Amino acid sequence: MRIKPTLALPALASSFALGQNTPSPAPSLTEDQIRELIRQTAEKDMENDKRQRDYTYIQRDEESKLDGKGQVKSTEIKTSEIMELYGEQVERLIAKDDKPLSDKDAKKEEEKIQKLIDKRKNESPEDRKKREEKEEKEREQSRQFVREVADAYNFKLAGIESLAGRDTYVIDGEPRPGYQAHLKEAKILPKFRFRAWIDKDELQWKKLDIQCIDTVSFGLFLARIHKGSRILIEQTRVNDEVWLPQHVAVKVDVRVALLKDFNIEDDLTFRDYKKFRTDTKIVPIGEVQPPH
């Protein structure tokens with residue numbers, strides 16, 4: 001994955017993370033200067049999204065369900081290889097709960113990948129064009145959403161902080177009173193506040209901390225994310241050419257339809273980024289090393 005704009009929060013962060021370091025004082029920037037910096041960062045992030053499709057990588061997803069007291073009731077861990085096939089990002093499961101798949105499950109994953117390969121090989125030029133146009137339309141919608149972030153918030157430079165040996169601007173964003181969203185999807189923006197750490201030299205965001213400050217409803221109120229839910233996203237510099245996801249931590253309080261509320265904690269890590277080449281071999285799952 002990129003941290004998908006379709007998840008609606010790729011360029012946001014929260015300003016109230018507990019226990020975070022206090023940034024060093026910094027020369028002041030006007031709000032217009034910060035807004036332009038946010039726009040530049042958003043454009044660079046969309047370029048990163050394109051470049052990520054040139055890489056394969058391993059994604060480990062640890063999802064925990066919590067009871068009403070915040071205690072873990074159950075945990076499920078899935079480790080997947082992410083790759084690009086015929087212009088489409090594909091996820092192949094390689095381990096469950098940090099253990100290799102059974103022969104039966106491994107075979108299912110192989111069949112899933114082969115089915116996609118066969119489908120794309122036999123795809124007509126017309127169908128391929130329609131699919132690519134649909135994907136580009138979705139990407140453009142994501143770009144428009146990200147661009148709205150710069151207009152939806154009032155910004156403040158909190159200071160300068162060093163992360164992984166690199167200086168970053170620490171910027172807080174609070175919902176802008178009276179903001180009217182241009183995109184339907186952007187109507188949720190006033191429901192979140194954020195803090196962003198932006199690399200001073202490359203104007204790439206390094207870290208985002210997002211906090212939900214009001215209930216967010218989806219699908220005609222069939223699902224609601226409650227106040228207090230939060231997302232932490234961290235990126236890393238890869239091959240001195242692109243910034244890609246390194247860690248995502250999600251804590252969400254959700255109610256679905258008329259069902260009971262439930263809490264979820266999701267922790268994703270990303271590793272082993274490798275440039276994907278046309279001659280890259282797609283090896284059987286048994287040859288892929290699960291995490292230790």
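What follows is calculated from the coordinates using simple rules that are stated; it is not laboratory data. What you see is a predicted model, and the numbers here were worked out from it, not measured in a lab. So basically every Cβ, Gly included, is an ideal-geometry build from the backbone, and we count neighbours across all protein chains shown.
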Looking at the P(r) of the stretch 24-103, how many percent of alpha-carbon pairs lie beyond 17 Å?
69
Using square roots of five times the C-alpha gyration tensor eigenvalues, list the equivalent-ellipsoid semi-axes of the stretch 82-129 in whole Å, biggest first.
27, 12, 5
The Cα radius of gyration of the stretch 109-228, divided by 2.2 N^0.38 Å with N its residue count, comes to 1.46
Obtain the nm distance between the two label points defined at Arg166 and Lys50 by a simple spin-label model: each point lies 7 Å from its Cα along the Cα-to-C-beta direction.
2.0
How many nm is it between the label spots at Ser217 and Phe262, if each spot is 7 Å from the Cα in line with the beta carbon?
2.2
What's the extension gain from Gln33 to Ser74 if we count 0.36 nm per residue and subtract their Cα-Cα distance?
10.1 nm
Within the stretch 28-86, which trypsin sites (Lys or Arg not before Pro) sit in a loop by DSSP and count at most 11 neighbouring Cβ atoms inside 10 Å?
Lys69
Taking the alpha-carbon centroid of each part, what is the distance from the stretch 136-158 to the stretch 175-247 in angstrom?
9
If you stretched the chain out fully between Glu138 and Glu185, how much longer would it get, using 0.36 nm times the residue separation minus the C-alpha to C-alpha distance?
15.7 nm
Residue-span extension gain [Asn154 to Lys108] - 0.36 nm each, minus C-alpha spacing:
11.6 nm
Treating only Lys and Arg (+1) and Asp and Glu (-1) as charged, each at its beta carbon, one finds that the stretch 77-193 has a dipole about its Cα centre, in Debye to the nearest 20, of 340
At 7 Å along Cα-to-Cβ for each site, give me the label-to-label distance between Lys227 and Asp61 in nm.
3.1
Cα-centred dipole magnitude for the stretch 129-236, charges only on beta-carbon of K, R (+1) and D, E (-1), debye, nearest 20:
460
Students often check this: by mean Cβ neighbours within 10 Å, which of 206-212, 235-241 ranks highest, and how do the rest follow?
206-212, 235-241
